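Have a look at the structure below, then the notes.
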Amino acid sequence: DSEKDLKTRPPVVTVMGHVDHGKTSILDVIKKSHVQESEAGGITQHIGAYTVTVNKKKITFLDTPGHEAFTSMRLRGALITDIAILVVAADDGVMPQTIEAISHAKSANVPIIVAINKIDKPSSNIDRVKQELLENGLMSEDWGGDTIMVPVSAKTKEGIDDLLEMINLVAEMQELKANPNRMAVGTVIEAKLDKGKGPMATVLVQKGTLNFGDTVVSGVASGRIRAMTDDKNRNIKKAGPSMPAVILGLSDVPNAGELIYAVEDEKTARTIADSNREELRENRINSGSKVSLDNLFDRIKEGEMKDLNIVVKADVKGSVEALIQSLLKLSNEEVKINVIHSGVGGINESDVTLASASNAIVVGFNVRPNINAIELSKNEEVDVRTYRVIYDIIDDVEKAVKGMLD
Ligand code: GTP
Ligand code: NA
Ligand code: MG
């Protein structure tokens with residue numbers, strides 16, 4: 001798109017953080033106080049994505065019930081999110097999923113605004129939260145850093161307007177633009193099979209405008225949009241850049257995180273979907289599409305990869321740090337080793353999801369994957385390796401890098 005076609009678009013803001021720190025509560029407050037009068041009466045259907053208007057400016061929010069939505073979006077390389085709101089409860093402080101959320105946002109290169117929530121609680125301690133965030137690489141502006149941290153309470157509504165103001169400020173600096181006058185390109189946020197209505201997808205339009213009646217493709221799914229509703233379940237005729245919409249009319253249930261785009265006609269759509277299906281089948285056959293220590297060297301030789309991404313988990317902080325130090329030293333001219341996420345504790349689903357999205361392997365020292373992580377690593381073909389001797393990890397990675405692993 002040429003410069004003159006680009007129009008300002010609303011920011012897309014993803015709310016992340018540890019369980020029960022108040023993500024949904026904050027969004028509820030924002031929805032209730034900033035949804036226009038005419039919209040307020042209707043029952044809001046939760047679709048995980050919706051748009052509010054603050055000081056005449058639109059903001060699209062994505063609530064994250066888990067990390068999956070966010071990582072599968074990253075998987076497409078589409079930076080669907082412009083800003084991440086990291087919610088940290090002031091009484092609970094930085095917790096494992098807070099740290100994971102920081103890793104997700106950082107690896108997606110998305111600016112973080114911290115909402116320090118639950119400041120109404122007597123046990124809240126804002127400075128302690130700032131200190132813990134500092135230990136995890138985020139320094140508050142008032143401490144001389146560059147991370148905006150806004151104390152809020154979803155209960156008393158204190159600070160929520162400040163948070164919205166900061167979002168608009170950061171969004172303005174980003175100068176977000178897209179061409180609304182072209183065929184739509186977007187991402188599937190959620191999708192499910194509705195018993196009565198068939199495949200149902202919540203999409204976020206990123207470029208162009210999605211129209212009722214458009215023919216779209218998303219992976220192996222294709223079809224003509226025969227119903228389109230907004231985040232309040234009202235029928236709409238079109239959705240422009242940064243706007244979410246729920247669509248009906250697809251042949252199959254698309255994958256969350258998958259690209260979706262409009263094409264000329266249904267024949268084109270079916271041809272593309274069929275070829276995607278064929279490609280998927282081939283990929284399954286030539287598995288090893290994901291990196292493992294076993295196929296690493298071949299892929300380096302083939303010029304397919306120049307980076308080995310690793311997620312590191314260990315039982316104690318000292319081991320995590322020792323492992324990272326040793327692994328980073330194994331980089332050579334052919335391959336650069338990146339530790340994309342690390343942490344103390346067992347290997348969980350989120351570690352595997354992050355690894356899958358970033359084509360990484362997972363190494364654990366004195367820790368095990370939980371059942372869900374094992375299950376997921378099988379489905380996603382993520383190489384998860386656990387060790388009892390640190391030297392063995394270093395040895396295996398070193399051999400893999402040099403093509404000497406048996
Ligand atoms: P998950 O989606 O499960 O990860 O949780 P969440 O982060 O969306 O948290 P949720 O909004 O469900 O809130 C969790 C609990 O904290 C609920 O009982 C809320 O009522 C409570 N809560 C949220 N915000 C505040 C707050 O500012 N003050 C107080 N006192 N309680 C809050
Ligand atoms: Na909750
Ligand atoms: Mg929630």
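The values are calculated or read from the model by the stated rules, or taken from the named source; none is laboratory data. Source: prediction; values computed, not measured. Ideal geometry is used to build each Cβ from the backbone, glycine not excepted, and the neighbour counts take in all protein chains shown. Quick note on the areas: whole protein, heavy atoms, side chains included, nothing else; ligands and nucleic acids left out. Shrake-Rupley method; radii C 1.70, N 1.55, O 1.52, S 1.80 Å.
The condition of being at pLDDT 85 or above, away from ligand 3 (no atom under 16 Å from the Cβ), within 26 Å of residue 173 (Cα to Cα) and assigned to a helix (DSSP H, G or I) does not hold for residue 58. Restricting attention to segment 29-55 and to residues that are open to solvent by less than 20 Å² (accessible area, probe 1.4 Å) and within 16 Å of ligand 3 (Cβ to nearest atom), the residue that is modelled with the lowest pLDDT turns out to be 47.
Residue 336 meets each of the listed conditions (1) basic (Lys, Arg); (2) under 26 Å from the mean Cα position of the chain (by Cα); (3) surrounded by fewer than 13 Cβ atoms within 10 Å (Cβ to Cβ) apart from (3). Can we say residue 139 is within 25 Å of residue 106 (Cα to Cα), free of Cβ contacts under 8 Å to residues at least 24 places away in the same chain and touching a Gly at 6+ places or on another chain (Cβ under 8 Å)? For residue 139, the condition - within 25 Å of residue 106 (Cα to Cα), free of Cβ contacts under 8 Å to residues at least 24 places away in the same chain and touching a Gly at 6+ places or on another chain (Cβ under 8 Å) - is met. Candidates 203, 152: the one that is on the phi < 0 side of the Ramachandran plot and touching a residue at least 60 places away in the same chain (Cβ under 8 Å) is 152.
When segment 3-28 is limited to residues that are in a helix (DSSP H, G or I) and within 16 Å of ligand 3 (Cβ to nearest atom), the one that is nearest to residue 242 (Cα to Cα) turns out to be 27. Residue-level check: of (1) closer than 23 Å to residue 104 by Cβ; (2) open to solvent by 10 Å² or more (accessible area, probe 1.4 Å); (3) over 24 Å from the mean Cα position of the chain (by Cα), residue 300 misses just (1).
Each residue in segment 380-399 was checked for being buried (at least 18 other Cβ atoms within 10 Å of the Cβ) and modelled with pLDDT under 90, and 0 pass.
In summary, strands (runs of 3 or more DSSP E) completely within segment 161-241 and bearing 2 or more residues that are within 23 Å of residue 263 (Cβ to Cβ) and more than 19 Å from the chain's Cα centre (by Cα) occur at 198-207, 215-218, 221-224, 227-229.
Table: residues versus (1) β-branched (Val, Ile, Thr); (2) on the phi > 0 side of the Ramachandran plot; (3) at pLDDT below 95; (4) open to solvent by 50 Å² or more (accessible area, probe 1.4 Å).
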| site | (1), (2), (3), (4) |
| --- | --- |
| 156 | yes, no, no, yes |
| 162 | no, no, no, yes |
| 174 | no, no, yes, yes |
| 177 | no, no, no, yes |
| 180 | no, no, no, no |
| 193 | no, no, yes, yes |
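Would you confirm whether any residue within segment 113-134 is open to solvent by 20 Å² or more (accessible area, probe 1.4 Å), more than 30 Å from residue 258 (Cβ to Cβ) and within 16 Å of ligand 2 (Cβ to nearest atom)? Checking segment 113-134: at least one residue is open to solvent by 20 Å² or more (accessible area, probe 1.4 Å), more than 30 Å from residue 258 (Cβ to Cβ) and within 16 Å of ligand 2 (Cβ to nearest atom). How many residues, within segment 5-25, are more than 6 Å from ligand 1 (Cβ to nearest atom), more than 19 Å from residue 181 (Cα to Cα) and open to solvent by 20 Å² or more (accessible area, probe 1.4 Å)? Within segment 5-25, residues that are more than 6 Å from ligand 1 (Cβ to nearest atom), more than 19 Å from residue 181 (Cα to Cα) and open to solvent by 20 Å² or more (accessible area, probe 1.4 Å) number 1. Applying the condition of being part of a helix (DSSP H, G or I) and at pLDDT 50 or above to segment 71-81 and asking which residue is most open to solvent (accessible area, probe 1.4 Å) yields 72.
Of all positions in segment 255-275, none carries a residue that is among the basic types (Lys, Arg) and either part of a strand (DSSP E or B) or at pLDDT 95 or above (or both). How many of the residues making up segment 340-366 are buried (at least 22 other Cβ atoms within 10 Å of the Cβ) and in contact with a Gly (Cβ under 8 Å, 6 or more places away or on another chain)? Looking only at that region, the number is 4. Of the residues that make up segment 88-98, is at least one of a type in the set (Gly, Ala, Ser), under 18 Å from the mean Cα position of the chain (by Cα) and over 23 Å from residue 31 (Cβ atoms)? No, segment 88-98 contains no residue that is of a type in the set (Gly, Ala, Ser), under 18 Å from the mean Cα position of the chain (by Cα) and over 23 Å from residue 31 (Cβ atoms).
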